[in-house]
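Data first, discussion second: the structure below is written as structure tokens.
The values are calculated or read from the model by the stated rules, or taken from the named source; none is laboratory data. Fair warning: this is a prediction, and the values are worked out from it, not measured in the lab. Because the Cβ atoms are built from the backbone with ideal geometry, glycine has one as well, and the counts that use them run over all protein chains shown. For accessibility, only protein heavy atoms count, side chains too; no ligands or nucleic acids. Shrake-Rupley method; radii C 1.70, N 1.55, O 1.52, S 1.80 Å.
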Number of protein chains: 2
Amino acid sequence: VRGVQRLRTPALLLDRDVLAANLERMRRHTERLGVGLRPHLKTAKSVDVATMAVGHNGPITVSTLAEAEHFAAHGFTDIVYAVGITPAKLPAAAALRRRGIDLQVILDSVEMAGVAAGAAEHLGGSLAVWIEVDVDGLRSGIPPDSPALLEVAGVLGAAPGVRLAGVLSHGGGSYRCRGVDALAAFAESERAGVVAAAEAIRAAGIDCPGVSMGSSPGVAAARSLDGITEVRPGVYMFQDLFQAGLGVCDLDDIAVSVLTSVIGRSRDGLVLDAGGLALSLDRSTAALPDDSGFGRVCDASGRLLPGWTVERVTQEHGIVTSSGDPIGSTQTGTLLRVLPNHACMTAAAHDRYHVLSGGRVVAQWPRCNGW
Amino acid sequence: VRGVQRLRTPALLLDRDVLAANLERMRRHTERLGVGLRPHLKTAKSVDVATMAVGHNGPITVSTLAEAEHFAAHGFTDIVYAVGITPAKLPAAAALRRRGIDLQVILDSVEMAGVAAGAAEHLGGSLAVWIEVDVDGLRSGIPPDSPALLEVAGVLGAAPGVRLAGVLSHGGGSYRCRGVDALAAFAESERAGVVAAAEAIRAAGIDCPGVSMGSSPGVAAARSLDGITEVRPGVYMFQDLFQAGLGVCDLDDIAVSVLTSVIGRSRDGLVLDAGGLALSLDRSTAALPDDSGFGRVCDASGRLLPGWTVERVTQEHGIVTSSGDPIGSTQTGTLLRVLPNHACMTAAAHDRYHVLSGGRVVAQWPRCNGW
């Protein structure tokens with residue numbers, strides 16, 4: 001790849017051609033299923049990537065107020081902030097709304113619904129709220145059959161200055177599935193759960209226009225999304241070793257990697273200048289039949305070196321061992337690329353992407369890290 | 001703590017009073033042992049912290065070229081860059097030296113010694129190089145009894161424009177010790193190894209002024225450092241749950257924590273707005289008898305809530321469960337603090353410290369992240 005030799009390592013690479021193909025595949029998939037696509041920018045945290053995914057002002061999802069403010073400043077006006085809102089964060093959300101941004105928040109308790117309802121008028125007369133629905137018992141949300149669901153919907157539906165945008169689930173349980181059939185079954189249970197929540201609210205006479213579900217692997221494997229209005233996948237843009245292990249992509253679909261230099265040899269392998277910070281400490285692939293350590297190793301052109309994995313890391317060092325091709329006499333300074341276990345976590349250590357296209361470095365795109 | 005209510009969560013807190021006590025304790029310890037202190041700024045990545053540790057221009061250690069350039073720009077002129085240098089990084093190191101910064105690099109191979117020797121004149125006539133010595137077989141360095149040690153020393157000692165600064169070890173094996181006696185024994189083996197390397201080089205008639213060893217727990221537990229000229233501890237400044245588990249500090253000595261808000265309840269606990277990004281995915285405490293999950297939980301004033309731990313995380317969510325005090329009816333928006341497993345990794349997700357002293361927020365200090 002022309003131009004990578006000039007980058008200071010470790011550096012985050014993004015293959016724009018692979019990214020474009022991943023975006024197109026999900027676009028076609030959601031069109032076929034007849035649902036809207038509101039991609040989650042928690043993975044990419046990039047205006048350039050968001051624009052490729054949904055155009056200059058498409059609907060997006062974010063995971064932090066910092067992202068909400070960043071994308072709003074760059075022209076995005078339809079934003080779901082999909083981490084439970086707190087009383088102290090309502091003013092920042094309302095401030096965006098007063099600037100004409102349709103910033104939508106989520107909550108999952110009678111307590112917080114009451115706070116939002118009470119604050120809406122005081123904050124300028126307008127909040128848009130999704131109710132988070134719990135489909136797998138793993139994190140947040142109200143179970144579809146809980147009496148609290150209708151109570152929350154009632155509070156929000158009756159509050160002046162509050163628009164109930166709909167119900168929203170995040171099926172993190174998809175990450176515990178193995179293989180596309182298991183994922184499809186999980187996606188169906190998520191779909192049924194969040195649709196049931198919407199129908200319960202509607203049956204109580206309360207308007208519930210939106211029905212949103214999330215998680216890249218579930219959405220990618222879903223065979224029907226009847227009753228869903230929009231989906232919020234995120235990591236599908238970049239893919240990673242864990243997604244490949246789940247069966248929803250190939251290794252060739254992974255758009256991000258960490259460019260690294262060999263800095264020497266350990267007793268058992270090569271030492272890289274990419275360690276726990278540059279690669280992240282994510283070990284999600286430990287739960288897969290084919291454990292990738294802290295990442296799989298490619299040459300500088302992106303060709304996989306069979307059996308080479310980052311076996312252990314310290315803050316700025318990665319140790320590569322090989323169960324395949326011998327590591328041999330790799331020279332100090334040799335450039336390699338490491339495919340990430342979990343793209344969201346690996347990308348978060350870097351403040352920018354070095355963008356590749358057609359075999360060369362073509363751009364730098366900034367990321368919006370932090371909170 | 002006055003002022004924390006105004007911080008957007010998650011946010012990184014640094015207790016300056018605890019930090020000052022940690023710094024003073026290490027200063028006294030190294031004075032008693034008669035060795036120089038060249039603290040490693042890879043943990044703090046902060047000019048303000050470095051200044052507290054060694055004054056406005058004391059000797060420091062860094063882990064990235066970005067840190068080297070940042071500290072140089074803020075007046076530090078005696079800097080060891082303690083991650084193996086590569087051919088492509090030599091020009092940046094030489095550029096700092098031409099600006100009057102005594103930037104010292106490290107290497108551990110005949111190959112790289114030859115490159116450095118060949119490049120020194122071309123790069124402006126001056127490089128300062130430490131030879132990395134391997135004392136535990138875990139990462140980089142040349143074993144003290146390897147013939148390569150004298151070969152590298154010979155190449156560097158004879159090269160015009162190269163100053164051999166000394167030998168340097170990083171006893172990462174200290175992290176595998178349990179208890180101060182085991183740490184003291186490990187520190188003694190590290191000391192003996194790196195001193196043996198220096199003596200072998202001197203016996204060959206080559207000047208080897210510096211003998212440097214690293215790692216906070218080893219240095220903290222060391223009972224004698226005969227033959228060592230300087231030490232490079234880093235995490236001792238902040239301490240963390242892993243260091244406490246090793247026995248080298250108490251929980252009260254931990255100077256950093258992540259301020260977080262309760263955003264709701266899961267089926268089994270509380271949900272925080274601090275997840276794998278804000279806390280890091282470090283699970284080093286899993287190897288200790290007392291596993292801290294992804295961190296231990298305190299109230300907003302820093303008082304430990306017995307038995308409360310962050311049991312699991314996703315990108316922006318942490319789930320707190322309790323084996324002690326019941327979690328009860330903690331309100332949404334309640335501020336808590338999470339003590340880190342590994343301060344270096346947790347701090348790296350944040351671009352600044354919110355500094356506490358005397359029970360209130362007194363400053364913001366920036367960090368130098370990235371490469």
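Mean partner shielding of peptide A:254-262, defined as the number of other chain Cβ atoms within 10 Å of each residue Cβ, is 1.
Counting only other chains, and only Cβ atoms inside 10 Å, what mean value do you get across the residues of B:79-90?
Across B:79-90, the average partner-chain Cβ count within 10 Å equals 5.
One decimal place: the segment A:Arg176-A:Arg267 gains 29.2 nm when fully extended, by the rule 0.36 nm per residue minus the C-alpha distance.
Here the range B:30-108 was treated as a single set of alpha-carbon atoms; its pair distances binned every 5 Å from 0 give 3, 16, 29, 24, 16, 8, 3, 1, 0 percent. Heavy-atom accessible area with a 1.4 Å probe sorts B:Val47, A:Val362, A:Val129, largest first, into A:Val362, B:Val47, A:Val129. Using equal-weight Cα scatterers in the Debye expression, the normalised intensity of the protein assembly as shown in log10 at q = 0.10, 0.11 Å⁻¹ is -0.99, -1.17.
At an R0 of 30 angstrom, the distance between the Cβ atoms of A:Thr330 and B:Arg283 translates into a FRET efficiency of 0.50. Within the range A:206-313, DSSP assigns beta bridges of which about 60% are antiparallel (rounded to the nearest 5). Among residues of chain A, the one whose Cβ lies closest to the rotation axis carrying chain A onto chain B, together with that distance rounded to whole Å, is A:Leu281, 2. Across the range B:155-161, coupling constants 3J(HN,Hα) worked out from phi with the 6.51/-1.76/1.60 Karplus curve, θ = phi - 60°, read 4, 5, x, 8, 7, x, x Hz, and Gly and Pro carry x. Computed from the Cα positions only, the extents of chain A along the three principal axes stand at 71, 41, 35 Å, in decreasing order. When Rg and the Kirkwood Rh are both derived from Cα coordinates, the Rg/Rh ratio for the range B:140-234 amounts to 1.01. DSSP assigns beta bridges within chain B; of those with both partners inside it, close to 50 percent run antiparallel.
Qualifying trypsin sites (Lys or Arg not before Pro) in the range B:299-371, where qualification requires a DSSP coil assignment and no more than 10 other C-beta atoms within 10 Å, comprise B:Arg303. Relative to one another, the C-alpha centroids of the range B:305-371 and the range B:1-48 are positioned 17 Å apart.
Subtracting the Cα-Cα distance from 0.36 nm times the residue separation, let me have the gained length for B:Arg303 to B:Arg2 in nm, one decimal.
This chain segment gains 106.9 nm when fully extended.
Here the Karplus relation 6.51 cos²θ - 1.76 cosθ + 1.60, evaluated at θ = phi - 60°, turns the backbone of the range B:92-107 into coupling constants of 5, 5, 5, 4, 5, 5, 5, 8, x, 8, 7, 7, 10, 10, 10, 7 Hz, with x for every Gly and Pro. With label points defined 7 Å past Cα in the direction of Cβ, position A:Pro209 shows copy-to-copy spacings of 7.4 nm, given to one decimal and shortest first. Of all DSSP bridge pairs formed entirely within the protein assembly as shown, close to 50 percent run antiparallel.
The listed residues B:Arg191, B:Arg202 rank as B:Arg202, B:Arg191 when sorted by accessible area, largest first, using a 1.4 Å probe. The helix-only estimate of mean residue ellipticity at 222 nm for chain B, built from DSSP H runs of length n ≥ 4 each weighted as -39500 (n - 2.57), is -9000 deg cm²/dmol after division by the residue total. Per residue, the convex hull around the alpha carbon atoms of the range A:255-309 comes to 102 Å³.
Classify the range B:331-371 from the C-alpha gyration tensor, please: rounded if a/c falls under 1.5, else prolate or oblate depending on whether a/b exceeds b/c. Note, shape of the range B:331-371 comes out oblate. How far is the Cα center of the range B:199-254 from the Cα center of the range A:72-102, in Å? What the calculation gives is 48 Å, centre to centre. When A:Arg303 is represented by a point 7 angstrom out along its Cα-to-C-beta vector, the spacings to that point in the other copies are 6.4 nm, nearest first. With the label put 7 angstrom out from Cα along the Cα-to-Cβ vector, A:Arg223 ends up 6.9 nm from the copy partners, going from closest to farthest.
P(r) tail for the range A:268-371: Cα pairs beyond 24 Å make up 24% of the total.
Using heavy-atom solvent-accessible surface (probe 1.4 Å) with all chains present, what is the largest-first order of B:Asp15, B:Asp282? Mind showing how you got there, number by number?
On the way: B:Asp15 35, B:Asp282 15 Å².
From most accessible down to least: B:Asp15, B:Asp282.
Build a GNM of chain B with springs between Cα atoms under 10 Å apart, and of B:Leu336, B:Leu13, B:Leu288 the one that fluctuates most is B:Leu288.
Over the whole of B:278-284, what's the average partner chain Cβ count within 10 Å per residue? Rounded to a whole number, please.
The per-residue average across the peptide is 3.
Between the Cα long axis of helix A:180-203 and the first principal axis of chain A there is an angle of about 20°, rounded to the nearest 10. Taking the convex hull of the alpha carbon positions in the range A:193-272 and averaging its projected area over all directions gives 8.1 nm². When the Cα gyration tensor is reduced to axis lengths a ≥ b ≥ c, the ratio a/c is 1.5 or higher for the range B:58-156, and with a/b not above b/c it is classed as oblate.
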